[in-house]
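Notes follow once the structure below has been shown.
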Amino acid sequence: MSMLRPALLCALLGLGGLALAQTDTTVKPLKAGWWRIPGTETRMTMGGYVKVDLIHDLKPIGSPNFFDVSKIPTDGSTGSSTHLQAMETRLFVDVRRDSRFGEVRGFVEGDFYGSGNSVRLRHAYVQVGERWLVGQTWSTFMDESVIPATLDFEKPAAYAFARHAQVRYTHPLGQKLQLSAGLEEPSKNVEAPGPGTLSNPLPDMVLRLKLKGDKGHVQLAGFLGGVDFVPDSGATQRMAAHGMNLSGGVKVGAKDKLTAQVIYGPGIARYRFGTFAAPNAEGQLTPITGVAVTLGYQHQWVKEWTSFLVLNAGQADPVSGERSTDSEFLTYGAVNLLWHFTPYAFVGVEYLHGQHELVSGADGSADRVMMSLKMGLN
């Protein structure tokens, strides 16, 4: 196993070098950075980026590599710390070939947020034409076009942000409107009412409607999922979770962009890998209702200087039998300044602030300043 990853990387690099050395004599020209595998019509590219972070925490937080506000201590802890890391660095392979169903694409991407800086799978999917997608990637419930452009890897806590294995079908409803439907990997990240077994009888079902225009887009998505709890003694409990995500972005002037997202629903934390259900006073598994709002603004000062500002707040309505140590209220704010000193690299600084309040009423806050250097590899 220890030799598998280096061998795989060498094989990919060797394949890319061989393809690069080949003269492309086909009628259809290749895009810059793309190669053709010798003897085939298969096109491929490799890339990613290197990112190095210098992180200084003014107050304690239990997530030194990313700013997860749900990890902010609520016991009055004090102290500061400094940390350097490069785990966000990413590598990808993108392979495509034409078929009678349209372009067939295979995409694999990883970063180094695995245990001990090991490779962690982010995306691995096959896409057929513009309609079918099978594999692991951003959830259909998400709006990946409004992901906040922070230096921080974590992004807001009360925010629809998840990658799942899935089967997705997208159907155009005209030139600007499209409908997507997905079956996605379910979750059982809930607080069990007692001794027993948790299971997911069915995959999550997700629908998304997206309208694109010249100035921006608006998207509405909803999900339905379920969890079964089979106690060691007693009847099986079945619980349904569902939620909605309304999001969009609009251009402001020539270079700026405003983005927004509102999520709501009983069990909405399921799409941020949070605890989304707990027992009520009668011991019945009950979804935790939550609501959250996110606003972001991208601004270009001059040609090489940009900034991004994001504000996020989320509130959960605790279930009567929920643990007092669960999160009830979260806020996340970040603002940065980036210098794009070349077209493929930038250096930037970012300030982050977060608040964390528990069901018990205990709360805490944290502040972070970080600097990052990022260079694209393709």
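Just so you know, all these numbers are worked out from the coordinates, no wet-lab data involved. Quick caveat, the model's predicted, so the values are computed rather than measured. Neighbour counts run over all protein chains shown; Cβ positions are idealised from the backbone, glycine included.
Excluding same-chain neighbours fewer than eight residues apart, the aspartates and glutamates reachable from residue 255 by a Cα-Cα span under 13 Å are 304. Computed from backbone phi, the HN-Hα couplings of the range 331-340 come to 10, 9, x, 8, 9, 9, 9, 10, 10, 8 Hz, rounded to whole numbers (Karplus: 6.51 cos²θ - 1.76 cosθ + 1.60, θ = phi - 60°; Gly and Pro given as x). Near residue 76: Cβ cut-off under 13 Å, other residues only, Lys/Arg at +1 and Asp/Glu at -1. The net charge is -1.
Amide H to amide H, with H built 1.01 Å from N, residue 289 comes under 5 Å of 267, 317, counting only residues 5 or more places away or on other chains. Evaluated with a Cβ-only charge set (Lys, Arg +1; Asp, Glu -1), the chain carries a dipole of roughly 1680 debye about its Cα centre, given to the nearest 20.
Near the amide H of residue 63, within less than 5 Å, lie the amide hydrogens of 68, all on another chain or at least 5 residues away, with H placed in the peptide plane.
Considering only 95, 165, 217, whose Cα is most displaced toward the positive end of the charge dipole of the range 42-376, charges sitting on Cβ of Lys, Arg (+1) and Asp, Glu (-1)? Ranked along the dipole, the leading option is 95. When volume of the Cα convex hull per residue in Å³ is computed from the coordinates, the matching label among (1) 133; (2) 172; (3) 225 is (2).
Each part reduced to its alpha carbon centroid, the range 124-153 and the range 310-378 end up 21 Å apart.
Compared with the dominant principal axis of the Cα atoms in the chain, helix 4-21 is inclined by about 30°. Note that the range 164-170 has calculated 3J(HN,Hα) couplings of 9, 5, 6, 10, 10, 10, 10 Hz, one per residue in order, obtained from phi through the Karplus relation 6.51 cos²θ - 1.76 cosθ + 1.60 (θ = phi - 60°); glycine and proline are x.
Using Cα pairs closer than 8 Å and at least 6 residues apart in sequence, work out the relative contact order for the chain, in percent.
Worked out over the chain, it gives 15 percent.
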